[in-house]
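Presented below is the structure to which this report refers.
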Amino acid sequence: MKRVKYTTITTILALCFTGAVTAAPIFWTDWLGTDQDPSSGFEGQGMITTSTSMVNVTYINANGVAFYQSSGGTDFYQNARLGRNDSISPYTSSNVDNSPDGTDIVALLFAGSQMLDFSETIANPVFAFVSLNGNGYSFLNQDFNILSVGGENGNACGYWGCGGVTKNIVDLGGGNFRYELNSSNVGGFEPHGVIQFTGAFNTLTWNSTSNEFWNGFTVGVQGTADEVFPDDPTEIPEPASLLLFGLGLAALVTRRQRTF
């Protein structure tokens with residue numbers, strides 16, 4: 001009887017936290033068409049289709065890009081040129097279920113500022129990077145977490161190989177910080193992986209820190225802000241509330257078993 005009681009309580013508590021540590025499906029950008037900037041710069045248009053919404057994505061780079069792949073072409077999200085397997089992909093983790101869809105990619109060449117603009121506020125965007133060899137990205141006042149890297153934690157190498165990345169935080173003063181993603185060349189020279197920003201965003205801006213032919217990216221989201229952060233907080237109990245609820249259920253089960 002004691003063993004049954006313990007198992008029941010443990011199961012209840014586990015159910016209270018189910019979903020808190022599971023990965024989330026990511027809605028990746030479907031890049032469309034060709035360069036929309038008639039000058040030497042680049043403007044790309046894309047679409048993110050979530051469970052309830054269609055979000056337009058605009059990417060602007062005044063310096064231009066190395067190339068833009070919006071339909072067909074090489075699948076640079078393969079694992080070390082051996083095909084796809086999301087269970088060991090450099091682009092999946094405990095936070096991300098699925099690697100980028102299709103072959104769509106924006107390939108960078110020049111150092112300088114660039115921006116992603118979303119037609120609707122989105123939540124917890126993820127940024128997949130390919131071949132960040134000898135380059136880096138810096139984000140002003142936009143913190144991020146490194147979720148996965150090829151060749152680490154059981155992940156396969158990326159299309160061009162393996163390589164590590166580091167995160168560096170620079171205090172600029174006045175309450176401003178620069179969050180840097182840098183190639184570390186540990187374990188190889190070809191970093192592939194994913195970083196994530198937490199919160200709600202209408203835009204993402206960053207600097208590519210050096211000229212390098214080439215490194216590429218695409219962007220995905222966990223959902224729109226309305227989908228992930230509902231207006232009514234009572235729809236999603238906070239962890240503390242879940243714990244109290246679970247303990248209450250456990251106490252009721254224990255009391256009932258003692259009664260019998």
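No value in this document is a laboratory result; all are computed from the given coordinates. Owing to the predicted nature of the structure, the values given are computational and were not obtained by experimental measurement. Methodologically, a virtual Cβ is constructed for each residue, glycine included, from the backbone with ideal geometry; neighbour enumeration extends over all protein chains shown.
Summary table below
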item: Projected-area mean, the range 23-233, by convex hull of Cα positions, square nanometres; result: 11.9
item: Nearest-0.05 FRET efficiency for Leu82 and Arg178, computed from C-beta distance (R0 45 Å); result: 0.80
item: Alpha-carbon centroid distance for the pair the range 153-168 / the range 22-71, whole angstrom; result: 24
item: Convex hull volume per residue for the range 135-217, taking Cα atoms only, in Å³; result: 108
item: The range 23-233, relative contact order in percent, only Cα pairs under 8 angstrom and at least six apart counted; result: 27
item: Residue exposure sequence - Thr52, Thr205, Thr29 - by fewest surrounding Cβ within 10 Å; result: Thr52, Thr205, Thr29
item: Order of Asp143, Asp35 under a 10 Å beta carbon neighbour criterion, fewest first; result: Asp143, Asp35
